Structures are given as structure tokens and as C-alpha cells.
Amino acid sequence: MSNKKLGVLCHISCLPNKYGIGDFGKSSRDFIRFISKHNVSIWQILPLNHTNNYNCPYGTMCSFTMDEMFVSVDDLVKKKLINKAELSKLKSLKNTEKVDYIIVKAEKIRLLDLAYSNITEDLKDKVVEFAKSKPKFFDYAYFKTVLAHFDVYDWHDVDQSYWDKESEQSKAFVTENIEDIYRLVFYQYMLFTQWQEVRAFANKMGVKILGDMPVYLQRDSFDVCYNHRVFKLDKNKMPTVTGGAPPDEFCAEGQNWGSCVYDWKYLQTVGYDFVVNRINALLQYYDILRIDHFAGLVEHYEISTKTNQGKWVKGGGEDLFNTLKSACRFKDLVVEDLGVLTNETQQVKKDFDLTGMAVLQFAFGSDETNHYLPKNVDKNSLYYLGTHDNNTYMGFLNGLDSESRDKVVGLLGLNGSVSNERLLYDSVKLLLDSGCRATILQIQDFLVQGEEYRINIPGQAADCWEYRMPIKYKNRFIKTLKNINWR
């Protein structure tokens, strides 16, 4: 099995940690060290950007910044910016079964503020240099400071002159609030440097990190504020259409994400620079980048804000991917090509030999031509039992009716009396033997956890993204590796 690759899908937030949430410190290194020891060579995570009010990593306020909840407070202690006594509230969350985002986010911000109040001159110089070398981080810090100053959430509610860098209002605001701006730059500097250390450690241990890029952005995001020409907006800079998906395997009624949609005709005139720059910025963070909702770049589904009617509309398509091929690390891209795809989208994936995704849970609902069945699957794919949008595999198996379960049993060449745990192990073996680029399992599938442990339910806003791994997970993980004959 030496030529096969096995990966794990586990978001940073899920990692065991004494502070109530995984972070860019010891919890990440311990996990990397463990999976590396057992020849699991790909660690897939969800977007690291700021989450929305429902803690969803796909509803970002900014496409290139990282959420403060991931900062390693141990590192702040090590740098003598805070003391250990300040960590007591976070430590009280050690054994929580779910991430308590309200407490975690508030405490991480409080500790970062305290750390900034104790910043050394040398570290302050590094923060200022970071802002100069990566000016977008300064712009983002300015953006957040303006919103906080006026006590609003949405940039539309601020006098638009503040979003013109050359205006008198903007220049005066920077002068009067420079320390508050640098405080937010400091947050991102700490996150950026900590994450680069995590990635370097992973690479040293032979583990590649597979990151994730949401295609669309929210109307109240930093990106839309400073790049409004790139999106389909009206004269008040509000979306005329929103992104979504028609009914598919994930959601029978379709989905409306409320996110802004690109103006592809305009983007073509400027060489798709916004999309290229987004991808290249995130490729600085990851070894491999998954582009969520690949269809959004080729021929997307948009929904009118006036009529609520949806339709397919051509995106950047072949022209965009020709540009990407020469402008970024093209071979390090993976596209999420699940669900309903138009013919043009399928053709672009084929023409550019893009690595896609396949999900075994989708293989049993139709006939023998199903393209997620191992015998039909595109070999240039990452093969999953299920992704973060699916049920856990045990939850999936437990919910099958007898006819559907018989299909799974038949595919595996077993008899109906076998346990669902055995079905899980043999399903993984099937994926490993498929010839696909790699097999990636959710952490819940390594731990043989049921439906109550799933991390997300598409179309449901509340009570998602809160999953935490058990502190003592290693023996169960190793047992699964032995049962799938992984060395």
C-alpha cells in the first residue's frame, strides 16, 4: 500500500485542546505528529477565515485574514505578552463536548488585546513592517476599526467617503486611530506567523495541508466593500443576484447562500485579477487548495433578489482557467465538483485535468452507471466516504433502509449479517483500492462516530460547526487503521 495516500478531514476547531478549541499551537503539532507517525499524509481543513454569526467558515467577512479564535495563547505566554493566570476561563472549557464559540471568541480577543498592551518595541516594529509588506492586512484592520468606531456591522451603514483611501475622512481617521488599527494588524501578524510555523512543521513531518477557499463572499465583507466593481451590485452596492445551488444530493429544495456573485464580464476585462489574487494569497497558507463550489467559476447558479428565481449563468469558464494555469500553482488545486454540474463545467474540469472529488455516500441512490461507484469513479479524484457536508459514514449506514443497505453490502461482497462497523472498514478498503489520487476520511469516520457527531447540515444555520474530537481519540483512530490494513 506504499503508493496509496490516506488523508484526514479535520478542522482546526475540532482538535483536542485544553482551551476549548483547537489552535495554531500544540494541538495542531500534536495532531500532525500523530498522523505522520501512522502514514496519514494529507490533513484537510476547512477555511481559516473569519466566520459569520452562525460560526460558518464559508460565510466569511474577509477572504485572506484568519479568525482570532485560532491563535495559540501558549505562544502569547511564551512571548511574555500575557501570563498563565489569564488563561483560566479558557481552561474551564477543556472538557466541553462542543466548541463554545461565544466564550472562545471573546476570550481570544481579550487575550490578544492584553498581549498588544504589553507588546515589546521589537515586536511592534515587526507588526509595522508586516503592515507595510502586506498592505491588505492594514486595510482590513482599518475596515474593522471604522465599523467598531461607528458601532455597526455592515459597511453600507457608514458614510461611503470612509472607504475612499484618498478622502480627507479616511486619512484623518487613520491618524486619529492608528493604535487601534495596529492592534488589529497585530492579531493577524500573530495568526499569520503561527500558521506558517504549523505548515512548516507539517511539511517537515511529511504531511501536506489541504486548505479550502469559499468561492463567494458576503455583501457585508471587506472584499465586497473594497472591490465592489467585481460583483453584481446595484447603485447602492447591494447584490442584484445571490449565489446558490439548485436541488441536489445535499439539499432537496436547493440552496440560497445570500452571497454576492461575480460580474464575470467585468473580471474578464481586468484579467480576472481579483480571483487570481485570492487563490495566490491562499496558496501561501496551504500545500493544496480546494476550491469550494467549482461550478461558481464556470457556469454558476444565481438567484434574483427581486424574484427569487434561479438560473444558470456563464462564469469565467475556459478563459479563467487558462489565466489561472499560468498565474498560480495550478497543479496544487482541487475542485469541489459535487452535485449538479452543467456540461460546460464538466468539460472545463476534463480539459484542464483538474483533480475533483468523489463521495461514496452518493453512489447507492441510482443505477450501475453512477459515477461515484468505485468502478466508474474518475481516477483524478480525492475519494471520500463523505465530506463535512455529509452525515458521518456510521450515521449514513445506521439510517439506511434494508434495500439501500443491501446495495452497500452487495458492493462490498459481504453478507447481510455483518456489522455497520465492518461495512465502514470495507468501504474504506474499497476507496483505497480504487486507484484515485487519495482517500480522505472525516475524523468522525476514523473514530467510527454516528450522526450526532456530524459537523454540518447543509441548509441549517444554527447548531453546526461545533464538533470537538474526544481527548482520548488515538486508540480508536489506530484501531481503524489496523482494520483497513493501513500500516
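The values are calculated or read from the model by the stated rules, or taken from the named source; none is laboratory data. What you see is a predicted model, and the numbers here were worked out from it, not measured in a lab. Cβ sites come from the backbone with ideal geometry, for glycine too, and all protein chains shown count toward neighbours.
Structure above, values below:
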| quantity | calculated |
| --- | --- |
| Matching residues, the stretch 70-101, being acidic (Asp, Glu) and loosely packed, with under 12 Cβ neighbours inside 10 Å | Glu97 |
| Check on Ala358, surrounded by fewer than 21 Cβ atoms within 10 Å (Cβ to Cβ) and not in a loop (DSSP other than H, G, I, E, B) | no |
| Hits in the stretch 387-402 (condition: within 19 Å of the chain's Cα centre (by Cα) and surrounded by fewer than 22 Cβ atoms within 10 Å (Cβ to Cβ)) | Thr387, Asp389, Asn391 |
| Yes/no for Lys379 being assigned by TED's automatic domain parsing to the domain that holds Tyr467, farther than 20 Å from Ile457 by Cβ and without any contact (Cβ under 8 Å) to a residue 12 or more places away in the chain | no |
| Count - residues of the stretch 140-167 that are surrounded by fewer than 18 Cβ atoms within 10 Å (Cβ to Cβ) and either of a type in the set (Asp, Glu) or more than 10 Å from Cys225 (Cβ to Cβ) (or both) | 14 |
| Arg290, sole failed condition from (1) over 22 Å from Cys260 (Cα atoms); (2) basic (Lys, Arg); (3) within 21 Å of the chain's Cα centre (by Cα) | (1) |
| Any chance Thr323 is at pLDDT below 95, under 22 Å from Asn380 (Cβ atoms) and surrounded by fewer than 21 Cβ atoms within 10 Å (Cβ to Cβ) | no |
| Residue in the stretch 24-55 that is surrounded by the most Cβ atoms within 10 Å (Cβ to Cβ), counting only those that are more than 26 Å from Arg219 (Cβ to Cβ) and without any contact (Cβ under 8 Å) to a residue 60 or more places away in the chain | Phe31 |
| Residue that is buried (at least 18 other Cβ atoms within 10 Å of the Cβ), within 24 Å of His50 (Cα to Cα), among the aromatic types (Phe, Trp, Tyr) and modelled with pLDDT of 95 or more, where the choices are Tyr262, Tyr216 | Tyr262 |
| Where Thr387 falls short, out of the listed (1) in contact (Cβ under 8 Å) with a residue 40 or more places away in the chain; (2) within 15 Å of Gly435 (Cβ to Cβ); (3) among the hydroxyl-bearing types (Ser, Thr, Tyr) | (2) |
| Qualifying residue in the stretch 276-285 (condition: in a helix (DSSP H, G or I), among the small types (Gly, Ala, Ser) and closer than 21 Å to Ser41 by Cα) | no |
| Condition met for Lys232 (under 18 Å from Val313 (Cβ atoms), touching a residue at least 12 places away in the same chain (Cβ under 8 Å) and basic (Lys, Arg)) | yes |
